[in-house]
């Protein structure tokens, strides 16, 4: 498998090489081509921008070398610390991200939907993300009102709202999906 190179710029990772950008994007819709909101294919002439959690996933899988602005390669400890600063409860969010990616789903940030992840079956530009995922630890509470609000938003944008509950054992994730019925 190809190993890619990216440069850390604040909380994003930039793949400068256009051919690498195309190749990585084609392998699973990683990142977003710079300046192209919804690419229709893999033949774009743009650098690729990865979210930190995507870059971390590829780094851990030994698919990506990440260089700091000074040209030095980043260590696992450094990238982990950056992710912990960027994401609240990074470990549990990463566990869900990794679980979904390993199952073949395309996972992107869900911030515009008020959740942790938007999840695609095929990929952006091919289908719409059918799932919105909110990650919780078992110790976290979620109110009925929060569930209704998230469910109404998900229904409005034609997506299913899913809670991903990560258990204390660090190995178990329970996915709970909500379907909304009209009377």
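Among the listed values (i) 69, 41, 36; (ii) 56, 37, 26; (iii) 46, 30, 29, the one computed from these coordinates for Cα extents along the principal axes in Å is (ii).
Dividing the summed -39500 (n - 2.57) terms of all DSSP H runs of n ≥ 4 by the residue count of the chain sets its mean residue ellipticity at 222 nm at -9000 deg cm²/dmol. Based on every Cα atom in the range 1-87, Rg and the maximum pairwise Cα distance Dmax equal 12.3, 36 Å.
Just so you know, the averaged projected area of the alpha carbon convex hull for the range 89-183 sits at 6.4 nm².
Ordering 15, 173, 111, 36 from the fewest to the most neighbouring beta carbons within 10 Å gives 111, 36, 173, 15.
Taking Cα pairs under 8 Å and at least six residues apart, what relative contact order does the chain come out at, in percent?
Working: 288 pairs, mean separation 27.5, N = 183.
For the chain, the relative contact order is 15 percent.
Between 145, 107, 92, the GNM of the chain built on Cα springs shorter than 10 angstrom shows 145 fluctuating the most.
Values in this text are rule-based calculations from the coordinates and carry no lab data. Just so you know, these numbers come straight off a predicted model, no measurement behind them. Using ideal geometry, Cβ is built from the backbone for each residue, glycine included, and neighbour counts are taken over all protein chains shown.
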